[in-house]
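The values are calculated or read from the model by the stated rules, or taken from the named source; none is laboratory data. Treat the numbers as computed from the prediction; the structure is a model and nothing was measured. Positions of Cβ are generated from backbone atoms using ideal geometry, with glycine treated the same way; all protein chains shown enter the neighbour counts. What goes into the accessible areas is simple: the full protein's heavy atoms, side chains included, and nothing from ligands, DNA or RNA. Shrake-Rupley method; radii C 1.70, N 1.55, O 1.52, S 1.80 Å.
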Amino acid sequence: MCGIVGYIGDGNAKDIIIDGLKKLEYRGYDSSGIALCRDGKLMVRKKKGRISNLEEYIAGEAMDSHLGIGHTRWATHGAPSDLNAHPHTNMDGSIAVIHNGIIENYVELREWLAKEHGVVFRSETDTEVIAHLISVFYEGDLTDAVYKAMEKMRGAYAIGVICAHEPDKMVAVRKDSPLVVGLGDGCNFIASDIPALLKHVRQIYLIENNETVVLTKNDVKLYNAARQEVKREVFNVTWDADAAEKEGYDHFMIKEIHEQPKGIRETLTRRLDDERNIKLDGISMTKEEIEQFNKVYIVACGTAYHAGLVGKYIIEKLAHIPVEVDIASEFRYRDPFVDGKTLFIAISQSGETLDTLAALREAKRKGARILSVVNVVGSSVARESDDVFYTWAGPEIAVASTKAYTTQLACMYLLALYMGKEKGVLDDLSYHRILDELLAVPDKLQTILDNEKSILEMAKTLYRREQVFFIGRGLDSSVSYEGSLKLKEISYINSFAIAAGELKHGTIALIEQDTLVIALATQNFLFEKMLSNIQEVKARGAYVVGLAKKNNTEIEKQASQVIYIPECADEITPLLSIVPLQILAYYIAKLRGCDIDKPKNLAKSVTVE
Ligand code: F6R
């Protein structure tokens, strides 16, 4: 989703901002732009498409400046175009604004600005109203004008504002959209995400909701909605900037696929003491509290939601608590049955997904205990939760989530084991059996990764397909959803997943000669049933790729090609079976020449509804 970078200091603002924007490319965007303050005027340049288009456009222009803002836009209001790209300015071009989020009442504000103030709009965006609003209230004090404009605006936003009449100042605001401030030596920054700043600073202020920031080159001041100054602890970024680089891999996605054994190992082992008891650092739930939960709600979006589907199965099985899994954008508008005895689990890699955050707030309002499973430290979801269970996946840059998913699964297993044990419903033998299985996962995953070439060979036989069905039963059906999403989002193949038992209730009508079906059959107790489902689709002419555990070679009689995963307990298979599907999706997309790390229309961090 949109990326924001702003700089004030003695360095070259243009280069620093463009470089920062490139670090935010992974968020997804369709145009970019920059505004620089120079000789008492603002220079604004914007271009549709990649940042390289903008660079070409401004190459050779004298643009030295010590104050500027830049933006990568992911279109919501108005098509991707040069005109709709940010920054947007007021009528005389003295105020420039970048914005991440949505101004919900922008139509009303547009009408008011046009009617009462004669504003002529140049773009179709909601953002342009912010520049004009600030301008209407501007009487020589940018901060004051921003505050007054905010009183009129409804919606979610992080904005950065500069003004030609105040060349030593930048103002930024956060309301429901992420914003961080980087603290440099003789320079300061704003950004929507930490990676944009890591080249320059490690000390960060995490801006809270409804806070306004006023930056000069030597100072940063934070104010709350009542305009009172607030103090903030400095957050020191400990992870390495290199972790956000490709390290010789062709794409971030394949690098991140390969990082899964490490991520899962970290997520698991760091939470076990010498007696192999699970210790959940950062989680203060007591045994009594766990005992009184009568329901768990897992709420998330996309891949994180798919991790929740596995979580439901595991928590119900190991901890004997009923679990509902919901899509965040549905949960928040449904008046769900949540109360003080509900454990609400929000799963989010970025911790900034607006729908997940809104669902969390709704559950909190109803008295639920909030536990989040989050990858980005200090993110909004993490900060608004009672307890945070961090996935130690490291930064995930590729838009398609891989290592975040498997580490989210690892958290689900640990949580289920922990709650099962605390509640006394899981005996020691079962606890240790599952734990042993979990601890063996990283090495088993490595064997799948070492065998990557065979999946590439398989991809070569499949990449021209335009339609795929994923089927599975039990845990395999949850993994089917994720395998299908991975394939469609990066290869643009029309891919669809369905619980295998549901096929004959409608979807089988679509199976015809040579239709590709990927059948997951990793559950021993459901293996025969899956073989029947495979026969059903084969009888209609389907071309079947099977996925099974190593010893279940029976599948070869039914499937044209087979992917094997190492032997493991049925409960554990999602951690292994998703990985060959990620690799298959990756190579299929690569063979189709797709922009794998930045698929069209998608954003890494979905900070609008
Ligand atoms: C797909 C993908 C998305 C995200 C979803 C939620 O590969 O990455 O479906 O899982 O947008 O994002 P987070 O986890 O950041 O809340």
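Values as computed for the structure displayed
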read-out: The chain: antiparallel DSSP beta bridges as a percent of all, rounded to 5; value: 60
read-out: Filtered chymotrypsin sites (Phe, Trp or Tyr not before Pro), region 335-391: DSSP coil and at most 16 other beta carbons within 10 Å; value: Phe337
read-out: Environment charge at Pro599 (Cβ cut-off 11 Å; Lys +1, Arg +1, Asp -1, Glu -1); value: +2
read-out: Convex hull of region 3-238 built on C-alpha atoms - directionally averaged projected area, nm²; value: 11.4
read-out: Cα gyration tensor, region 420-496 - rounded (a/c under 1.5), prolate or oblate; value: oblate
read-out: Accessible area in the full protein assembly, largest first, 1.4 Å probe, for Asp428, Asp387; value: Asp428, Asp387
read-out: Around Lys364: net Lys/Arg minus Asp/Glu count, Cβ-Cβ under 10 Å; value: +1
read-out: Percentage, to the nearest whole number, of Cα pairs in region 302-387 over 14 Å apart; value: 61
read-out: Accessible surface, the chain, averaged per residue in Å² (probe 1.4 Å); value: 37
read-out: At R0 = 41 Å, FRET efficiency that the Cβ-Cβ distance of Arg154 and Leu602 yields, to 0.05; value: 0.95
read-out: Size-normalised alpha-carbon gyration radius of region 452-591, reference 2.2 N^0.38 Å; value: 0.93
read-out: Average projection area in nm² (convex hull over Cα atoms of region 78-206, one quarter of hull surface); value: 8.2
read-out: Net lengthening on full extension, Asp19/Arg276 (0.36 nm per residue, minus Cα-Cα); value: 88.0 nm
read-out: Region 452-591, dipole about Cα centre (Lys/Arg Cβ +1, Asp/Glu Cβ -1), debye to the nearest 20; value: 320
read-out: The chain - percent of accessible surface contributed by carbon and sulfur, probe 1.4 Å; value: 48
read-out: Value at 222 nm in deg cm²/dmol, rounded to 500, when DSSP H runs of n ≥ 4 in the chain each add -39,500 (n - 2.57); value: -11000 deg cm²/dmol
read-out: Extended-chain gain in nm, criterion 0.36 nm per residue less alpha-carbon gap, Asp339 and Ala225; value: 38.0 nm
read-out: P(r) tail fraction, region 245-449 - alpha-carbon pairs more than 24 Å apart, %; value: 37
read-out: Extension reserve of the Glu291-Glu233 stretch, reckoned as 0.36 nm per residue once the Cα distance is removed; value: 17.3 nm
read-out: Cβ-defined net charge surrounding Ser379, 10 Å radius [Lys, Arg +1; Asp, Glu -1]; value: -2
read-out: List Met43, Met63, ordered by accessible area with a 1.4 Å probe, largest first; value: Met43, Met63
read-out: Fraction in percent of alpha-carbon pairs per bin - 10 Å, region 67-150; value: 18, 55, 26, 1
read-out: Relative intensity, log₁₀ I(q)/I(0), of region 145-304 from a Debye sum that treats every alpha carbon as a point, q = 0.09, 0.15, 0.19, 0.21 Å⁻¹; value: -0.50, -1.05, -1.20, -1.29
read-out: Proximal lysines relative to Lys115, as straight alpha-carbon distance under 22 Å, when same-chain residues fewer than 8 apart are discounted; value: Lys148, Lys152
read-out: Label zone at Glu104, where the point sits 7 Å out along the Cα-to-Cβ direction: region 354-390 residues whose backbone N lies under 16 Å; value: 354-363
read-out: Overall Cα dimensions of the chain, principal axis frame, Å, largest first; value: 76, 56, 44
read-out: Where labels lie 7 Å past Cα in the beta-carbon direction, separation of Asp443 and Leu83 in nm; value: 6.4
read-out: Residues of type lysines that Lys423 reaches as a straight line, Cα spacing below 23 Å, ignoring anything fewer than 8 places off in the same chain; value: Lys279, Lys287, Lys295, Lys312, Lys317, Lys341
read-out: Computed FRET value (nearest 0.05) for Leu591 with Arg540, which takes r as the C-beta separation and R₀ as 25 Å; value: 0.40
